[in-house]
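The values are calculated or read from the model by the stated rules, or taken from the named source; none is laboratory data. Note that the structure is a prediction, hence the values are computed from the model and not measured. Cβ coordinates were reconstructed from backbone atoms using ideal geometry, including for glycine residues, and neighbour counts include every protein chain displayed. Areas reflect the complete protein model, heavy atoms only, side chains present, ligands, DNA and RNA absent. Shrake-Rupley method; radii C 1.70, N 1.55, O 1.52, S 1.80 Å.
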Amino acid sequence: MASTREIEIKFRVASIPALTRKLRKAGFRIVTPQTREMNTLYDLPGEVLRKRKELLRLRKYGSEWTLTHKAGKKTGRHSSRDELETSVPDGKRMDLILRALGYAPSFRYEKFRAEWTDRKGQVVVDETPIGNFCEIEGEPRWIDATAKKLRVNAADYIMQNYAGLFLEWKARTRSAAKEMTFKALGTRARAQ
């Protein structure tokens, strides 16, 4: 199990092929090609975790399952929070355990993610049902330097998680969707 401080920013991506070219030019190499990812957030009755600004997530990335707890969010120029994460051999059983403990799914979101690195930090490119995003995760100076290489201004940094972005999208589009999945939104991912 790994315990770390996650420091990151997101930004909107107009063109994944154009961003891919910029990443290669900046010396990044692809670690994981675009892979389907399904995330389920859990909470207790009364949204206990949400009120404490905590997150409990079960993620299936390709065939791998991960359980993550995030807390202590600080937002300045970068989003920062404590993260505990561990691999889970059987995600379906983990779901049953969480439910037995009183947790229930509170939000599901889906994306296709590609992971890149320059060995100093990580850049992920996410295709979601509400648009394309990129996350830059690493040390603050490295994040800003990488953003500059990718021609992203600090004014374009997004500090929200996908649940927050989805709520904004719902308000803007007046969608009745309850989850951020391609099926729920009636959209399709780009051909893989």
Inset, instruction - For segment 147-156, name all the residues that are under 19 Å from S15 (Cβ atoms) and either open to solvent by 50 Å² or more (accessible area, probe 1.4 Å) or not small (G, A, S) (or both). - result: K148, K149, L150, R151, V152, N153, D156
Inset, instruction - Starting from segment 149-164, take each residue that is touching a residue at least 24 places away in the same chain (Cβ under 8 Å) and list its partners that are open to solvent by 60 Å² or more (accessible area, probe 1.4 Å) and in a loop (DSSP other than H, G, I, E, B), counting only C-beta distances under 8 angstrom and pairs at least six apart or across chains. - result: A154/R77; Y157/R77
Inset, instruction - Examine segment 167-186 for a residue that is touching a residue at least 60 places away in the same chain (Cβ under 8 Å), of a type in the set (A, V, I, L, M) and closer than 21 Å to A18 by Cβ, and state whether such a residue exists. - result: no
Inset, instruction - Residue by residue through segment 8-44, note down the ones that are within 21 Å of R81 (Cα to Cα) and open to solvent by less than 30 Å² (accessible area, probe 1.4 Å). - result: E8, I9, K10, F11, N39, T40, L41, Y42, D43
Legend entry - Elements of type strands (runs of 3 or more DSSP E) contained in segment 47-138, each with 1 or more residues being open to solvent by 50 Å² or more (accessible area, probe 1.4 Å) and closer than 17 Å to I9 by Cα: 64-75, 79-88, 122-128, 131-137
Inset, instruction - Can you give me the number of residues within segment 1-24 that are without any contact (Cβ under 8 Å) to a residue 12 or more places away in the chain and either closer than 15 Å to F107 by Cα or charged (D, E, K, R) (or both)? - result: 2
Inset, instruction - Could you check how many residues of segment 139-186 are among the hydroxyl-bearing types (S, T, Y), outside any helix (DSSP H, G or I) and modelled with pLDDT of 95 or more? - result: 2
